[in-house]
1. Can you list residue pairs whose Cβ atoms sit under 7 Å apart, with the first residue in the stretch 59-77 being closer than 20 Å to Glu11 by Cα and the second being assigned to a loop (DSSP other than H, G, I, E, B) and not aromatic (Phe, Trp, Tyr)? Count only pairs 6 or more apart in sequence or on different chains.
2. For residues that are closer than 16 Å to Phe83 by Cα and without any contact (Cβ under 8 Å) to a residue 40 or more places away in the chain, tally how many sit in the stretch 15-29.
3. Tally up the residues in the stretch 13-27 that are in a helix (DSSP H, G or I) and either modelled with pLDDT under 85 or touching a helix residue (DSSP H, G or I) at 6+ places or on another chain (Cβ under 8 Å) (or both), please.
Amino acid sequence: MVSKLSHSYKEPVKEFARGRRFRPSNDPYFKLLRLISSQGSSIVDLNELANVHDEMKASINGIKERRLNVLLDSKPICSRYFFYNS
């Protein structure tokens, strides 16, 4: 399944996981995607997600206020596949 979907989703997922500027410390975006992928739905409330997963709370809270909107605004490939409403 992953290989079948790779053609359509590899680049947007890679760009999202890298964040606005690629740095080794940008792992909150990757952690968020990994956590969302383990949920039963692709629509999630980040506040609820952070409250349920204490180990991810800092990562989620660190990007949800401003950085996530900046990422989606600066990378059109990401904004086509990901939507965030603060």
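The values are calculated or read from the model by the stated rules, or taken from the named source; none is laboratory data. Computed from a predicted model, the values in this text were never measured in an experiment. Please note: Cβ atoms are built from the backbone with ideal geometry, for glycine as well, and neighbour counts cover all protein chains shown.
1. Filtered contacts from the stretch 59-77: Asn69/Ser86; Val70/Arg20; Leu71/Gly19; Leu71/Arg20; Ser74/Arg20.
2. So the count comes out to 1.
3. 6
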